[in-house]
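The values are calculated or read from the model by the stated rules, or taken from the named source; none is laboratory data. Treat the numbers as computed from the prediction; the structure is a model and nothing was measured. No Cβ is skipped: glycine too gets one built from the backbone with ideal geometry, and neighbour counts run over all protein chains shown.
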Amino acid sequence: MTDGGDGADGPGEGAGQYRTRIGDRELAPESLMMSYGYRPEWSEGALKSPIFQTSTFVFDSAEDGKDFFEVAYGLREQDPAETPGLIYSRLNNPDLEILEDRLTVWDDAGAAGVFESGMAAISTTLLAHLRPGDVLLHSEPLYGGTDHLLRHVLTEFGIQPVSFPVGSDRAEIEETLDRLDGGRDRLAMIYVETPANPTNTLVDLEACRAVADAAAGDGDRPIVAVDNTFLGPLWQHPLDHGADLVLYSLTKYVGGHSDLIAGACLGSEELLEPVLGLRTFMGTMAGPWTGWLVMRSLETLKLRMERQTENAVRVADFLADHPAVEEVHYLGHLEEGTAQQEIYRRQCDAPGAMVSFEVDGGEEEAFRVLNALKLVKLAVSLGSTESLAEHPATMTHADVPPEDKERMGISHAMIRLSIGIESPDDLIADLEQALAEV
């Protein structure tokens, strides 16, 4: 980030220089969410960025149009003093560009790309950086949609997914890779989701980076990509722990109101360049309305996530003491002296608001609890202001083969909770009456 200055000439003409300091004081991300990337003078003094609901943009001259297309399509290098001009909303749009500038603040990333969904962000990123014959080493379990993409879509393009269990150390990850013929030579990316969905098990990002470094040899180092949706940009910063790319379903904590679908990929400008290029031709970018809604949500992100985490601690403590609950999976309950606790202390700033637990019984008992909930809504997704509950084994991870679910620890007794901002006493009262059904 840069300090002070007049900044870019107008919206969509580069991040320019935005005020990030007052004197010697560096402004906090939650303060920058109100204005970073935008200036009211660009839009008749409008305090908030308008919604640029347009498909195309007018050029001042034919020469400008030529210049803009040459840069956008990579026909020539962009001059250092040159800023990309607006062409067409599939390529660029002020709402997306302002949002992308703003998103980089939380993760201190060089660049960001916003997509129409989290899966669009993941799919576009993987297709941009993987080629036939490549090995994609990934943690398991993953979100069900990602798991399906790796198992059933990328394999059609000759990309080989290879999994290692979450919680593995460096030696165990390398052992998995070495069991594969030519695994190290063909390794192009390590893709992890941490904490894992829905077990809340952590992946050691520094170990993943060490594996990538060791596999590089004299060639290019494999990319380390992290889905950081569960802890959001507040409670974990993968780029600080060796990751190259960080991905989000912005639908979840960042969007936070169950009223939009969006995704993002962040990292260096170099690694984002092919991702954004493929986004242009696949048309997986988000629209201006979505961009505007996410900007609205960023202003309250810290407030919401802090309250959700406070509530989740209360709920997890209640569940841990309930006789109908066999086990609670929550980062705030990790046992002292364990490898998971050590990773948590190194890698995370707070336990977040995702709580999974197993009832005494199986699917029938779990369904009784889910059907009895009154305040907590029975729905998939997570990270929103309202609390949600779902049954991973038959819902979000329904497509995962039964033997794999068993190996990953996704039991039919498991319920996944996303804790919202309601009164924690009311949430506990609702769970208490529902658990009485077991």
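Could you tell me whether Ala366 is surrounded by 17 or more Cβ atoms within 10 Å (Cβ to Cβ), out of contact with any helix residue (DSSP H, G or I) (no Cβ under 7 Å at 6 or more places or on another chain) and small (Gly, Ala, Ser)? Answer is yes for this residue. In this structure, does Met305 turn out to be closer than 29 Å to Asn200 by Cα, within 18 Å of the chain's Cα centre (by Cα) and assigned by TED's automatic domain parsing to the domain that holds Asp426? Taking the combined requirement at face value, the residue satisfies it.
Only one entry in Leu431, Leu417, Leu427, Leu382 is part of a helix (DSSP H, G or I) and closer than 20 Å to Lys252 by Cβ, namely Leu427. Comparison of Leu382, Leu373 shows that the only residue that is in contact with a Leu (Cβ under 8 Å, 6 or more places away or on another chain), assigned by TED's automatic domain parsing to the domain that holds Asp425 and over 12 Å from Ile419 (Cα atoms) is Leu373.
Just one residue in the set Arg314, Arg304, Arg345 is under 23 Å from Ala264 (Cβ atoms) and part of a helix (DSSP H, G or I); that residue is Arg304. Taken over segment 195-230, the criterion of being surrounded by fewer than 24 Cβ atoms within 10 Å (Cβ to Cβ), in a loop (DSSP other than H, G, I, E, B) and in contact with a strand residue (DSSP E or B) (Cβ under 7 Å, 6 or more places away or on another chain) is satisfied by Thr199 alone.
Restricting to segment 370-384, name every residue that is without any contact (Cβ under 8 Å) to a residue 24 or more places away in the chain and touching a Ser or Thr at 6+ places or on another chain (Cβ under 6 Å). Within segment 370-384, Val380 is the sole residue that qualifies.
Filtered by the rule that a residue be surrounded by fewer than 16 Cβ atoms within 10 Å (Cβ to Cβ) and either charged (D, E, K, R) or more than 22 Å from Pro141 (Cβ to Cβ) (or both), segment 373-384 gives a lone residue, Lys374. Residues in segment 28-50 that are surrounded by fewer than 17 Cβ atoms within 10 Å (Cβ to Cβ) and closer than 18 Å to Asn92 by Cβ: Ser43, Pro50. Residues in segment 318-340 that are part of a loop (DSSP other than H, G, I, E, B) and either of a type in the set (D, E, K, R) or touching a residue at least 12 places away in the same chain (Cβ under 8 Å) (or both): Asp321, His322, Pro323, Ala324, Tyr330, Glu335, Glu336.
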